[in-house]
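The structure under discussion appears below in the form of structure tokens.
The values are calculated or read from the model by the stated rules, or taken from the named source; none is laboratory data. A quick note: this is a predicted structure, and the numbers were derived from the prediction, not measured. Backbone-built Cβ (ideal geometry, glycine too); neighbour counts: all protein chains shown. These accessible areas exclude ligands, DNA and RNA; they are computed on the full protein's heavy atoms, side chains included. Shrake-Rupley method; radii C 1.70, N 1.55, O 1.52, S 1.80 Å.
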Amino acid sequence: MIGQGILAAGITIGGFKWTGSFTTIDLIAATTNALNGALLARRPDHYKNFTVVGILLMALLGGIGGGVTRDVILNKVPGAFLNPAYILLCLAAGVVGYLIAFSSGQLFREGLFQFMTSFSLPWYAIAGAEAAEKAHLPILGVLALAVIGPTAGRWYIDVSSGVPPKQFIRGEWFVTIAAFTGLIWVICDAAGLNSWWSAAISFVIGFTVRMLALYLGWEEPLAKEPTGVYQHSDGRPLLGRKIAGKSQRELHDLGLLVEPQASEATAAGR
């Protein structure tokens, strides 16, 4: 998903490119986002009787949606269509997500997998900022693409599932951290650091802030709501509890825990 300008020569077999510059990291980010897309498509708050093909398409939306959108804005052929490895890995991740969508798979998504997607967020932001800078966009354009890269895939999945996009609802500074990571990259680049140092510093700062937000429950403040409007509950389970498998309340709120039917409860009482 990185533009051709930042893809260095690497291993190319039959059109598949696996290494070189950010290619490996970008493929990891696309694959983890594709897995998240498949899991989201199977979650009760997103599921709309999707077919197997539909769930695989959701995986593709999550994996390559952000990078394709960014490249189209820059008037370039998307890297995901030039390197077949993106689509192949995203489809494979979609199959895995389909198979582990329930029971332990949901805890995986809510805990350990959230850690993995936090890894991809700053890298996509850095890729967007660098691609925008190479296209000579102004600072606000650079920051916009630093946000579009990491978040557009989730937008497509949420809209396709008929739920409010994650960008607009309460969360752990999802959009802000992407923009912040892009800003750090711009500052490092302006200071004359090379691409690797700029990327490394931006990633460490962006990833650290994202993990702190997840562990400490930092969230965007809600807008003031009219009287009678539903108020979101506080006390969101923190990432440490999710990884430890102690997020039963959140799973219940999301509809991921199946309550026993009254008839079953009665039978059990006998």
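Tabulated results
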quantity: Complete set of residues in segment 146-173 that are of a type outside the set (A, V, I, L, M, F, W, C) and open to solvent by 30 Å² or more (accessible area, probe 1.4 Å); calculated: R154, Y156, S160, G162, P164, K166, Q167, R170
quantity: Qualifying residue in segment 92-112 (condition: at negative phi, open to solvent by 30 Å² or more (accessible area, probe 1.4 Å), modelled with pLDDT under 90 and not in a helix (DSSP H, G or I)); calculated: yes
quantity: Identity of the residue in segment 28-55, open to solvent by 30 Å² or more (accessible area, probe 1.4 Å) and within 21 Å of P164 (Cα to Cα), that ends up farthest from the chain's Cα centre (by Cα); calculated: N49
quantity: Filter result for T176 (of a type in the set (V, I, T), touching a residue at least 12 places away in the same chain (Cβ under 8 Å) and buried (at least 22 other Cβ atoms within 10 Å of the Cβ)); calculated: no
quantity: Single unsatisfied condition, F22 versus (1) among the hydrophobic types (A, V, I, L, M, F, W, C); (2) surrounded by fewer than 24 Cβ atoms within 10 Å (Cβ to Cβ); (3) modelled with pLDDT of 85 or more; calculated: (3)
quantity: Criterion (in contact with a Ser or Thr (Cβ under 8 Å, 6 or more places away or on another chain), modelled with pLDDT of 80 or more and either open to solvent by 40 Å² or more (accessible area, probe 1.4 Å) or not aliphatic (A, V, I, L, M) (or both)) met by exactly one of L61, L82; calculated: L61
quantity: Subset of segment 133-166 (residues that are assigned to a helix (DSSP H, G or I) and without any contact (Cβ under 8 Å) to a residue 60 or more places away in the chain); calculated: E133, I139, L140, G141, V142, L143, A144, A146, V147, V159, K166
quantity: Complete set of residues in segment 59-89 that are under 26 Å from L143 (Cα atoms), of a type in the set (A, V, I, L, M, F, W, C) and outside any loop (DSSP other than H, G, I, E, B); calculated: A59, L60, L61, I64, V68, V72, I73, A80, F81, L82
quantity: Any hit, segment 118-130, residues being within 23 Å of L214 (Cβ to Cβ), at pLDDT below 80 and open to solvent by 40 Å² or more (accessible area, probe 1.4 Å); calculated: no
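Okay, residues lined up against (1) farther than 30 Å from G141 by Cα; (2) outside any helix (DSSP H, G or I); (3) modelled with pLDDT of 95 or more:
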{"position": "L183", "(1), (2), (3)": "no, no, yes"}
{"position": "S198", "(1), (2), (3)": "no, no, no"}
{"position": "I205", "(1), (2), (3)": "no, no, yes"}
{"position": "P237", "(1), (2), (3)": "yes, yes, no"}
{"position": "K246", "(1), (2), (3)": "yes, yes, no"}
{"position": "E250", "(1), (2), (3)": "yes, no, no"}
{"position": "P260", "(1), (2), (3)": "yes, yes, no"}
{"position": "E264", "(1), (2), (3)": "yes, no, no"}
{"position": "A268", "(1), (2), (3)": "yes, no, no"}
